[in-house]
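Chemist: To start, I am sharing the structure in question, which I have written as structure tokens.
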Amino acid sequence: MRPHVEHMYFISKCLTKLGHDIHYLSCAGGESKCYYKIISQKSDRLACFQCKLGGFKSYDDSNISYVDIDKRASIEDKMFDWPRSSSYTAFRVEEGFEEIFMEKSNKIYDELLLSVATVYEQTKEWIKKNSIEYVMVFNGRMDILRASLEACNDLNIPVNTVERTWFGDGIQLNFRGNCLNLKDITFIHEQYKDKPLTKFQLEKVKSAFLPRFSNEDNNEWRNYNRNRSEYDWNTSVSGLKCLILPSSKNEVLGHPDWKNPHNDSYKDVFLKCIDKLGIERHNVILRGHPNWSERIGSAEGMHINDDFKKWSKEVGINYIESHDSADTLGLIKQADVVLLNGSSSVFEAAFLGTPAILVSPCFYYSAGISKNVFTEEEIQRLDLSCITKYNHGETLVKAARFIYTHGFRYAQFNESVKAITTTEYIYKFDESIMSKLKYFLENNDIASNDENYSDSTKDEEEFVNAILKGDFSYNRKSNAISDDFVKVNRRFFYKPIDWIRSLMKRGDL
């Protein structure tokens, strides 16, 4: 089970200590569809049972109301977009596949539309009946969760969405939309992008991110390319080498903040950039995203891999399949430039000193660590200066500041919520989280979890010099946890759930 229910229950206990009355809204299950049923490899009845086992009732059985998902409500025009993200994700629909999966996804979409209409109406009824003044919704992107978020917005009830953080510690809160909105992270980053990091903050950056280079666990929700094998790029061929690392886009497809800004497909934009830079196509490698070869529930992604493989052959570039063990870090290091449309490999590129070109908005587009080409005019202005004038040290500083902002300023309650594993957490009920919750309730807006910064760039300069010398070591003691943390336990009969979850593959539901 994802840790969001435990996170939200922990927050509810903190709010109870602050004197607030807590009400929970959960799904009672039924015949109607939701995303989890669609991707589950179990029967709908068993999927419902499993979902309810991990719900609020496993922690507390008081003040829980249940949505009757089979009770029908009127569908309004404004609801037509709400189930779309779920249907895209359920079928691993990437750009260009919308028509191919139209028949299957439309059937599911129609069923989800009935569910969102029902949950929308019943969420409004629940708010009114219980005089709810503030709501926290998990995710806010997927079908019935989106419906609850929209119900709050339409009633002008303050609401934020809750998600797991990038590196595990803390809890992610979003106040300007669902979990995909880019406004909150951009708002925080703009405040701190010019503020130097302290030595302590740089140690946090290293302990959070550098495990990617040593192939160690860093509590990210999914880790890829763990069993790496060296890939020797053909260095006998002259000319610049370009590596394309396309992102897996099905989860963000349809969200306005992540929209492809070009009139062309990402593939065509990649080719335009390659040709504009004068890079020979036989010097280009497209590395399939490892996610495409993984099954998520019943959803497979090999159709994306096969499509990119076919396209690469047609246009004369080299392709490394999604399931291949070729070391992506090694490829980045050997490349002269990396082309991206949202992959977080931009940060590895920054640490390794490889220039990156980004062709589409994503969570790091404002970080200053990539050459952004979001219009046709910007593509036409693209030249080799993005490679020849690349400043590795400057890019490293910007990358470190953004990583710290995302992991320790944008993420909330880092000092009170600690990830032991990807799903196992411990918590501290302290004044820090209480004061922050008071602020959120009063202002319903995000604030930096850490307002500290250095008055000098000295520590950043030492950090850069170490990385430039190839020192990617980090202090594991920076993750040490004090004795005043506790576990948030499920009720007695539900305790085996967490043991079962620990046996499941990382990233599975």
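The values are calculated or read from the model by the stated rules, or taken from the named source; none is laboratory data. On a predicted model such as this, the values are computed, not experimentally measured, just so you know. Here the Cβ is made from the backbone with ideal geometry for all residues, glycine too, and neighbour counts use every protein chain on show. Note: accessible area is taken over every heavy atom of the protein model, side chains too, but ligands, DNA and RNA are not part of it. Shrake-Rupley method; radii C 1.70, N 1.55, O 1.52, S 1.80 Å.
Chemist: Can you tell me which residues in the stretch 389-444 are of a type in the set (Asp, Glu) and in a helix (DSSP H, G or I)?
Modeler: 394, 431, 442
Chemist: So which helices (runs of 4 or more DSSP H) stay within the stretch 271-353 end to end and still have 2 or more residues that are under 19 Å from residue 249 (Cα atoms) and open to solvent by 10 Å² or more (accessible area, probe 1.4 Å)?
Modeler: Numbers: elements: 302-315, 328-334, 345-352.
By residue number, 302-315.
Chemist: Hey, among the residues in the stretch 428-438 that are surrounded by 17 or more Cβ atoms within 10 Å (Cβ to Cβ) and among the aliphatic types (A, V, I, L, M), which one's nearest to residue 173 (Cα to Cα)?
Modeler: Of everything passing the filter in the stretch 428-438, 437 is nearest to residue 173 (Cα to Cα).
Chemist: Oh, and also: Return the pairs, sorted by first residue and then second, in which the second residue is open to solvent by 70 Å² or more (accessible area, probe 1.4 Å) and not in a strand (DSSP E or B), the first residue lies in the stretch 313-324 and is in contact (Cβ under 8 Å) with a residue 40 or more places away in the chain, the beta carbons are less than 7 Å apart, and the residues are 6+ apart or on different chains.
Modeler: Hits for this filter: 315/281; 317/281.
Chemist: Name the strands (runs of 3 or more DSSP E) wholly inside the stretch 117-221 in which the number of residues that are touching a residue at least 12 places away in the same chain (Cβ under 8 Å) and in contact with a Gly (Cβ under 9 Å, 6 or more places away or on another chain) is 1 or more.
Modeler: 159-163, 172-174
Chemist: Can you tell me which residues in the stretch 37-92 are surrounded by 17 or more Cβ atoms within 10 Å (Cβ to Cβ), of a type in the set (Phe, Trp, Tyr) and part of a helix (DSSP H, G or I)?
Modeler: Of everything in the stretch 37-92, those that are surrounded by 17 or more Cβ atoms within 10 Å (Cβ to Cβ), of a type in the set (Phe, Trp, Tyr) and part of a helix (DSSP H, G or I) turn out to be 56, 88.
Chemist: Restricting attention to the stretch 158-189, which residues are under 16 Å from residue 147 (Cα atoms) and among the hydroxyl-bearing types (Ser, Thr, Tyr)?
Modeler: 161, the sole residue that qualifies.
Chemist: Suppose we keep only residues that are open to solvent by 40 Å² or more (accessible area, probe 1.4 Å) and farther than 27 Å from residue 251 by Cα within the stretch 21-36. Which one would you say is nearest to the chain's Cα centre (by Cα)?
Modeler: 23
Chemist: Another question, then. Only one of 453, 474, 425 is touching a residue at least 40 places away in the same chain (Cβ under 8 Å), open to solvent by 30 Å² or more (accessible area, probe 1.4 Å) and more than 22 Å from residue 192 (Cα to Cα). Can you tell me which? Talk me through it step by step, then tell me what you get.
Modeler: Numbers: 453 fails: more than 22 Å from residue 192 (Cα to Cα); 425 fails: open to solvent by 30 Å² or more (accessible area, probe 1.4 Å).
Result of the check over 453, 474, 425: 474.
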